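Since the structure comes first, as structure tokens, the remarks are kept for the end.
The values are calculated or read from the model by the stated rules, or taken from the named source; none is laboratory data. On a predicted model such as this, the values are computed, not experimentally measured, just so you know. Here Cβ is always computed from backbone atoms with ideal geometry, including for glycine, and neighbour counts include all displayed protein chains.
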Amino acid sequence: MSDIVKASSISAESVVEFLATGQKGKFVFTQADPEETARRIAERDLNAQSLDELLGGGNETVSGRNYVNKPFQINNVEWQASEIEGEGLPFYAVIHAVSIDGEVLVITCGATSVVRKLAVMQQNQWLPAWCKIVKGAKTAGGYEPLDLVKAPQSDIPFAG
């Protein structure tokens, strides 16, 4: 396996490939094809399941760190390049989800364990899935690592 992962866009496959290098490799963005970008945007619009999904619904993006221990159904994941140099992964996840109250959510998260699990879920077509973000114990450096876990049926009204 090469230590350089090249991609014109970030996908579950390129995320998994990068993480498989032990993050010792380098993630290199190649020039995106404008026609492919336009096709992907049109496809997202054409596959919208609601007006909120099509038009954005005016929902604010929520940081995963601010949406802990709340169950949500993950419907799709998009990947964006990180603008924070030298810290963490070179990309982060944009989670398209729905809360237990039916609110359309857009949650961003760059935590390695969450990103890894989302990429594997998307790559294996295990979406939609009910999950929640949880915090781990503080590290020696004072960080509270985030993880993604399955939301227990008891957390989801009318499920099961």
Item to check | Pair list, Cβ under 8 Å, 6 or more apart: segment 78-100 residue free of Cβ contacts under 8 Å to residues at least 60 places away in the same chain and assigned to a loop (DSSP other than H, G, I, E, B), other residue surrounded by 14 or more Cβ atoms within 10 Å (Cβ to Cβ) and among the hydrophobic types (A, V, I, L, M, F, W, C) | outcome: S82/L89; S82/F91; I100/F72; I100/I156
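Taking segment 13-43 on its own, how many of its residues are among the polar types (S, T, N, Q), modelled with pLDDT under 70, surrounded by 10 or more Cβ atoms within 10 Å (Cβ to Cβ) and part of a loop (DSSP other than H, G, I, E, B)? Please lay out each step first, then the result.
Quick first cut of segment 13-43, residues among the polar types (S, T, N, Q) only: 14, 21, 23, 30-31, 37.
Filter once more, keeping what is modelled with pLDDT under 70: 23, 30-31, 37.
Still in the list and also surrounded by 10 or more Cβ atoms within 10 Å (Cβ to Cβ): 23, 37.
Those left that are additionally part of a loop (DSSP other than H, G, I, E, B): 23.
Of the residues in segment 13-43, 1 are among the polar types (S, T, N, Q), modelled with pLDDT under 70, surrounded by 10 or more Cβ atoms within 10 Å (Cβ to Cβ) and part of a loop (DSSP other than H, G, I, E, B).
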Checklist entry - Is it the case that segment 116-129 has a residue that's in contact with a Lys or Arg (Cβ under 8 Å, 6 or more places away or on another chain) and at pLDDT 95 or above? => result yes
Checklist entry - Which one of V114, V98, V134 is in contact with a Leu (Cβ under 8 Å, 6 or more places away or on another chain), under 19 Å from T21 (Cα atoms) and not charged (D, E, K, R)? => result V114
Checklist entry - Taking the stated definitions as given, is K117 touching a residue at least 24 places away in the same chain (Cβ under 8 Å) and outside any helix (DSSP H, G or I)? => result no
Next on the checklist: Going by what's in this entry, would G142 be described as at positive phi and in contact (Cβ under 8 Å) with a residue 24 or more places away in the chain?
Outcome noted: no
Checklist entry - Is it the case that some residue within segment 44-65 is more than 15 Å from L127 (Cα to Cα), assigned to a loop (DSSP other than H, G, I, E, B), at pLDDT 95 or above and not hydroxyl-bearing (S, T, Y)? => result no
